[in-house]
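The values are calculated or read from the model by the stated rules, or taken from the named source; none is laboratory data. Not measured: the values here are computed from a predicted model. Reconstructed Cβ throughout: ideal geometry from the backbone, glycine too, with neighbour counts over all protein chains shown.
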Amino acid sequence: MNEEFWKKVLLISGITFTALFTSTPFIYMIIVSFAESADFLGRRTGFILTVENYIELFKNPNLHFLDYLRNSVVISGFSAFLTVLIASVAAYSITRLPFPSKSVFLMFVLGFSMFPQISIVGFLFNVMSKLGLINTYVGLILPYTAWIMPLSLWILVSYFSGIPMEIDKQATIDGCTVWKTLFKVMWPLAKPGIFTTFILAFIFAFNEFMFALLLTTDFRARTVPVGIALFQGLHGEIPWGTIMAASTVTTLPIVILIIVFQKNIIQGLTRGAVKG
């Protein structure tokens, strides 16, 4: 009885501490976004509530916040779609075709994702410059798709490995081609994994900073993370209130997305194992 009580106390204490520790920066960000001055902790007047930062964010045309937000949604959406499409075809091939050392191949693919972005961004910039893709949607969608591919492939291989081979054989007997089997049989069965992969790919692309910083030059293709980082106020000072307001508006949809679909995301990251 006493042992069970202390276990519950420790569990609740650990959960509370973790929740406070992880949410404090986010809460502080929201508070500053509604503060008249970012340094309200050191002022005699203290905290003064205002929505001027949000009004400035959406009404000031020089900030281009809505342009950045649109760019991020479009680029992330297309990147996630392409990633899921290519990764699903690759995962279907890996789990269905009889070739040796599948696990070694997957490890090799995963190894590419461990290279830091800074190690390839110079070469990537030269390639995109020669192709005329600097400051374009395509110039970000292509590297984003390649960057997110390893994780997406691992998730979908895990799901496809759990689908019995007999289903493919039955689809072939019923007259389905390989492509029909993939899109009309495998996709519906692996819908949770595909959905999870799309959500994770979208979040990864939405939060990416390095490629967007070096491959864009203005608001026509620049994404939200870079746009917020480059906000400047009058006389070059840093407008912390506006930055925090923009960060809040940008972060809230992602947080809501994760909260709503957290079960799907956890299932997608933990379900099954790759079969060699």
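List of remarks:
- So Thr248, is it modelled with pLDDT of 85 or more, surrounded by 16 or more Cβ atoms within 10 Å (Cβ to Cβ), under 30 Å from Ser37 (Cα atoms) and within 18 Å of the chain's Cα centre (by Cα): yes
- Pairs meeting the criteria (first residue in the range 35-51 and under 11 Å from Trp240 (Cβ atoms) and in contact (Cβ under 8 Å) with a residue 60 or more places away in the chain, second residue surrounded by 11 or more Cβ atoms within 10 Å (Cβ to Cβ) and of a type outside the set (A, V, I, L, M, F, W, C), beta carbons under 6 Å, at least 6 apart or on different chains) are Ala38/Gly241.
- Applying a threshold of 7 Å to beta carbon distances and a minimum spacing of six or more residues, or different chains, the list of pairs starting in the range 66-79 at a residue that is more than 13 Å from Thr136 (Cβ to Cβ) and ending at one that is of a type in the set (A, V, I, L, M) and in a helix (DSSP H, G or I) reads Tyr68/Val224; Leu69/Val224; Ser72/Val224; Ser76/Ala205; Ser79/Ile141; Ser79/Ile148; Ser79/Ala201; Ser79/Ala205.
- Residue satisfying all of: in the range 150-193; over 27 Å from the mean Cα position of the chain (by Cα) and among the β-branched types (Val, Ile, Thr); farthest from Ser88 (Cα to Cα) among these: Ile173
- Pairing residues of the range 115-141 that are part of a helix (DSSP H, G or I) with residues that are surrounded by 14 or more Cβ atoms within 10 Å (Cβ to Cβ) and of a type in the set (D, E, K, R), at Cβ distances under 9 Å and at least 6 apart in sequence or on separate chains, gives Leu140/Glu208.
- Some residue of the range 201-209 being touching a helix residue (DSSP H, G or I) at 6+ places or on another chain (Cβ under 6 Å), at pLDDT below 85, under 23 Å from Met149 (Cβ atoms) and not basic (Lys, Arg): no
- Within the range 194-230, the set of residues being closer than 30 Å to Tyr92 by Cα and touching a Ser or Thr at 6+ places or on another chain (Cβ under 7 Å) comprises Ile194, Thr197, Ala201, Phe202, Ala205, Phe206.
- Search result, residues across the range 153-183 that are in contact (Cβ under 8 Å) with a residue 60 or more places away in the chain and closer than 14 Å to Leu97 by Cβ: Val157, Phe160, Ser161, Met165, Asp168, Leu182
- Per the conditions (1) loosely packed, with under 12 Cβ neighbours inside 10 Å; (2) at pLDDT 85 or above, the sole criterion not satisfied by Ala273 is (2).
- Test: residue in the range 3-10 that is farther than 30 Å from Thr216 by Cβ, out of contact with any Phe, Trp or Tyr (no Cβ under 6 Å at 6 or more places or on another chain) and surrounded by 11 or more Cβ atoms within 10 Å (Cβ to Cβ): no
- From Ser113, Ser93, Ser129, residue being under 30 Å from Thr181 (Cβ atoms), at pLDDT 80 or above, surrounded by 10 or more Cβ atoms within 10 Å (Cβ to Cβ) and of a type in the set (S, T, N, Q): Ser93
- Qualifying residue in the range 64-80 (condition: touching a Gly at 6+ places or on another chain (Cβ under 8 Å), outside any helix (DSSP H, G or I) and surrounded by 15 or more Cβ atoms within 10 Å (Cβ to Cβ)): yes
- Residue within the range 175-189 that is small (Gly, Ala, Ser) and surrounded by 14 or more Cβ atoms within 10 Å (Cβ to Cβ) present: no
- Complete set of residues in the range 238-253 that are more than 20 Å from Ala205 (Cα to Cα), assigned to a helix (DSSP H, G or I) and either in contact with a strand residue (DSSP E or B) (Cβ under 7 Å, 6 or more places away or on another chain) or not aromatic (Phe, Trp, Tyr) (or both): Gly241, Thr242, Ile243, Met244, Ala245
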